[in-house]
Amino acid sequence: MVNLGLSQVDDAVASKHPGLGEYAACQSKAFMKGSFTFVTGTGATVGLQMLVQRKFPYPFQWNVLVAVVAGSVASYWVTRVESQKCSNLWLFLETGQLPKDMDTDRHS
C-alpha cells in the first residue's frame, strides 16, 4: 500500500500510474492556494470596504457579505485554474503529451 495523503492506494494501482504522487501533490497545492486566496481576498476586501465606508456609510453586515462573496469568487477562480494545470500535468504524465485543446495564449 502506498500512502497518498490520508488515503492508501494499492501497489498495483500506484505502479500503473507512476505520476500519481505528483498529481496528488499538485492538487494539494491547488487547494491550499485556493484556501489562501479566500482568506487574503476576504481580508483585502474588508480593508478596501473600510476605506470606502468613510465616504458611503452602510451597515457592517454588508461589508462581511461582500467580502466573503469576493473571497469566494477569487478562491474558486484560483482553484479552478490551478486544478486545470494539475489535470494537464496528469494527462502529460500518463500519455506523454499535452491535451489537444491546449492553447499557449489562453488566459482563463
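What follows draws every value from the coordinates through simple rules; no lab data is involved. It should be emphasised that the depicted structure is a prediction, and the values quoted were computed from it without experimental measurement. Note that we place each Cβ from the backbone using ideal geometry, even for glycine, and neighbour counts take in every protein chain shown.
A protection proxy built from the mean count of other Cβ atoms within 10 Å ranks the segments 16-26, 36-46, most packed first, as 36-46, 16-26.
Within the same chain, lysines fewer than 8 places from residue 29 are excluded, and of the rest, those with a Cα less than 26 Å from its Cα are 16, 85, 100.
Taking one quarter of the surface of the C-alpha convex hull of region 19-95 gives a mean projected area of 5.0 nm².
In terms of the mean number of neighbouring beta-carbon atoms within 10 Å, the peptides 47-59, 88-100, 63-75 order highest first as 63-75, 88-100, 47-59.
Which listed residue (43, 75, 20) has the Cα farthest towards the positive end of the charge dipole for region 19-95, taking +1 on Lys and Arg C-beta and -1 on Asp and Glu C-beta about the Cα centre? Value: 43. The phi-based Karplus calculation (6.51 cos²θ - 1.76 cosθ + 1.60; θ = phi - 60°) puts the 3J(HN,Hα) values of region 68-74 at 5, 5, 5, x, 5, 5, 5 Hz, whole numbers, x for Gly and Pro.
So for region 19-95, taking the charge dipole from beta-carbon charges (+1 Lys/Arg, -1 Asp/Glu), which of 64, 52, 32 sits furthest toward the positive end? In region 19-95, that residue is 52.
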